[in-house]
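Engineer: One structure coming up, written as structure tokens, with questions to follow.
The values are calculated or read from the model by the stated rules, or taken from the named source; none is laboratory data. All figures in this text were calculated on a predicted structure; none of them were measured in a lab. Every residue, glycine among them, receives a Cβ derived from its backbone with ideal geometry; neighbour counts consider all protein chains shown. Just the protein is used for accessible areas: all its heavy atoms, side chains included, with ligands, DNA and RNA removed. Shrake-Rupley method; radii C 1.70, N 1.55, O 1.52, S 1.80 Å.
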Amino acid sequence: MEYYLSLITKSIFIENILLAYFLGMCSFLAISKNIDTSIGLGKAVIFVNTLTAPLNWFILKYFLEENALYSWTGISALEGVDLTFLVLLTFIATIAASVQLVEMILDRYSPSLYSSLGVFLPLITVNCAILGSSLFVKEREYNLIEATVFGFGSGLGWALAIITMAAIRYKLRYSNIPDGLKGLGITMILTGLIALAYLAFSGIQL
């Protein structure tokens, strides 16, 4: 249990998918102007990431890796078949299907949030933070439980980062910012400062 607690803490704070690797920056910078929208997008990213990380692990393990098909079908013609060249295409397709599910749910139960997210909701499909999480699962050779925990932690870390930025940008409306730094300028500086603050968690040992 300690290992999984350590893994989720690491993925949320120490190796935050956005603040440590700067993945998913486009939607982060665009959506973090509004707190409610940031919370909604954060929840969507958590859901999609938690769903797609273990799902992509399953697809990789039983369909794409070398001898994966042969291992459970026993068909001799499939021995030695290696489909890992399809990893990116397959992972993106899985993410797209999950995002479509989120879109349908939001459109049905929260039309206002669906409208406020606008084009950035379908853009989760190509959000490199979500794709990056699945690729990290592959590179680090996590098992199914580790992939699920890491997927949830990475999504939660991304959501925490965008909500934090949205709260700060809300306060900035009442601040005296030099004209040259207004907009993306001060946002990029704040992103760097938040990333530095998260480095304080790197000393945590569980």
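Engineer: With r defined as the distance between the Cβ atoms of Cys26 and Lys171 and R0 fixed at 25 Å, what FRET efficiency is calculated, to the nearest 0.05?
Structural biologist: According to the calculation, E is roughly 0.60.
Engineer: Related question: Taking only protein heavy atoms into account and a 1.4 Å probe, give the accessible area per residue of the chain in Å².
Structural biologist: About 53 Å² of surface per residue is accessible.
Engineer: Below 8 Å, C-alpha to C-alpha, sequence gap of six or more: please give me the relative contact order for the chain in percent.
Structural biologist: Answer for the chain is 41 percent.
Engineer: Moving on. Ranked by accessible surface with a 1.4 Å probe, highest first, in what order do Leu135, Leu196, Leu55, Leu106 come?
Structural biologist: Highest to lowest solvent-accessible surface, that is Leu196, Leu55, Leu135, Leu106.
Engineer: Under a 10 Å cutoff between Cα atoms, tell me which one of Gly180, Gly153, Gly118 has the largest fluctuation in the Gaussian network model of the chain.
Structural biologist: Gly180
Engineer: While we're looking at this one, here's another question. Which order do Ser115, Ser32 take by accessible area at a 1.4 Å probe, largest first?
Structural biologist: So, going from the largest accessible area down, we get Ser115, Ser32.
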